[in-house]
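Reading through the structure tokens given below for one structure.
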Amino acid sequence: MNEKIHLNVCHIINEAASVCSACPHGAVYLAGGGRGRDVALYSQHAPDYEVLDDPRRVLDELRPSPRLLPERNRTVSEDAAQVDAPGQQLPLHVPSPGLPVSNTFGTKRVPQAIIIGVKKGGTRALLEFLRIHPDVRAVGAEPHFFDRFYDKGLEWYRNLMPRTLDGQITMEKTPSYFVTKEAPTRVCTMNCQAKLIVVVRDPVTRAVSDYTQTLSKNPGLPSFQSLALKNSTTGLIDTTWSAVRIGLYAKHLENWLQHFPLSHFLFVSGERLVSDPAGEMGRVQDFLGLKRVVSDKHFYFNQTKGFPCLKKPEGSSRPRCLGKSKGRPHPQIPAEVLQRLRDFYRPFNHRFYQMSGQDFGWD
């Protein structure tokens, strides 16, 4: 392809959205010849990790898949390129500076795969790691459709999703689905073939992390031990407290298995997502039927935060970790309280190991 066109198109995208990712890798390629000229839009740029916390997800909405569009004559988004008539030269339309590039390609679909849990297990990290993959398209915010907004209807839910091309997977994550009684029935009503991902973590550590998050928003919260124990003398655990109840993974999974076979689930270890993110991401990509694109070259371990971060893409000034709300230091909890919790969870953990076919080694 003519190098001048190659660089000019890259310049157009850069001017329109300020997100050209290290040209020429982020260039848009226009190809075709003869009558019935087709336009193939490629976007091979790496995601800009510096916008992972931006709720607008501008870059995510700009990224078409690296594949050919359907073969027919049509007008492509005016912000990218135009085909006026068969056999004519392809003119480029340069948008006014500062105008966003709209992504009008593809179709909005309900998710084929959902990260359904668990809260404080590592679901945000998993979603952001998956969004590196060119064949994964995911909504950034948690939709909460199957637990809070089900009455808005399936069309409302579908319209929340990003556009996808053939071969791409639409995903979302809402960790509270796993512990919502009505969620399995509702998800199955939408699609009983959906793939379900559950990120699980040692339930004791998860409960402390859950408490830490709530404490950061409500500094006047009672102590962890006063909430976890019904009676400090007897040491009886209060299972009505959500931070404790969420960790009863076996009970929640029983509810889901009434509607979905075990083969539709992938249980991701929150601990291994930290210690070996590439290895765990390999399992996730296999489960979703994706080529293994996300690998160890994408990660480095941040000693300060204590978990993996994404390496900076070419052309970016710095690498990108998850937001400040991730990796908070946990408060000191009395050792005897933690031990009582471990004793409480042990039979539930063993039951979950049997049901899932995986020993997560929490005991």
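Considering only Cα-Cα distances, which of the following residue pairs are longer than 22 Å: Lys119/Lys195; Lys152/Lys251; Lys173/Lys230; Lys181/Lys291; Lys108/Lys181?
Pairs exceeding 22 Å: Lys152/Lys251; Lys173/Lys230; Lys181/Lys291; Lys108/Lys181.
If I take the Cα coordinates of the stretch 204-363 and project them onto the principal axes, what are the three extents in Å, biggest first?
58, 40, 24 Å, listed from the longest principal axis down.
Quick one, what does Rg over Rh come out to for the stretch 150-244 if you take C-alpha atoms and the Kirkwood Rh?
1.10
Relative contact order, percent, of the stretch 214-262 when contacts are C-alpha pairs under 8 Å separated by at least 6 residues?
The normalised contact order for the stretch 214-262 reaches 17 percent.
From the C-alpha gyration tensor of the stretch 270-310, pull out the three semi-axes of the equivalent ellipsoid (sqrt of 5λ each), sorted largest to smallest, in whole Å. Intermediate values should be presented prior to the final figure.
Details: eigenvalues 83, 22, 6 Å².
Sorted largest first and rounded, they come to 20, 11, 6 Å.
Given a cut-off of under 8 Å on Cα pairs at least six residues apart, what relative contact order in percent is computed for the stretch 212-306?
12
In vacuo Debye scattering of the stretch 214-266, one point per C-alpha: log10 I(q)/I(0) at q = 0.20, 0.28, 0.31 Å⁻¹?
-0.78, -1.07, -1.18
What share of all Cα pairs of the stretch 164-216, in percent, falls into each consecutive 10 Å distance bin?
Result returned by the calculation: 17, 40, 27, 15, 1.
Only the coordinates and a few stated rules stand behind these numbers; no lab work does. Predicted, not measured: the structure shown is a model, and the values here were computed from it.
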